[in-house]
Amino acid sequence: MIYDYKVQTSKGTELSLFDFRGKVILIINTATGCSFTPQYAPIEQMYRDYHEKGLKILNIPCNQVLYIQIQCLGI
């Protein structure tokens, strides 16, 4: 189950996905270490439109650029 997973945030702390149980979450995979991020504009708009209704967006970037940074939006 997804709630059994834990991820490390960009600040080095552990984040349990169990903390999001019962919430609407969108988990995205992006390449933040390069310029191929045109998908951010609609994702940011979705966050602005729905975060007050409880939407949480977890950005777990692609490791193809040899850099992992977990960004948790709306936490």
Worksheet item: What is the set of long-range amide H partners of residue 27 at a cut-off below 5 Å, with H atoms built 1.01 Å from backbone N?
Response: 58
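Fewest first, what order do 43, 57 take by the number of other Cβ atoms within 10 Å? Intermediate results must be reported in sequence, preceding the final value.
Numbers: 43 16, 57 20.
Going from least to most buried by this count: 43, 57.
FYI, it's all coordinate maths here, none of it is from the lab. Every value quoted in this text rests on a predicted model; they were computed, and no experiment measured them. For neighbour counting, all protein chains shown are included, and Cβ atoms are generated from backbone atoms with ideal geometry for every residue, glycine included.
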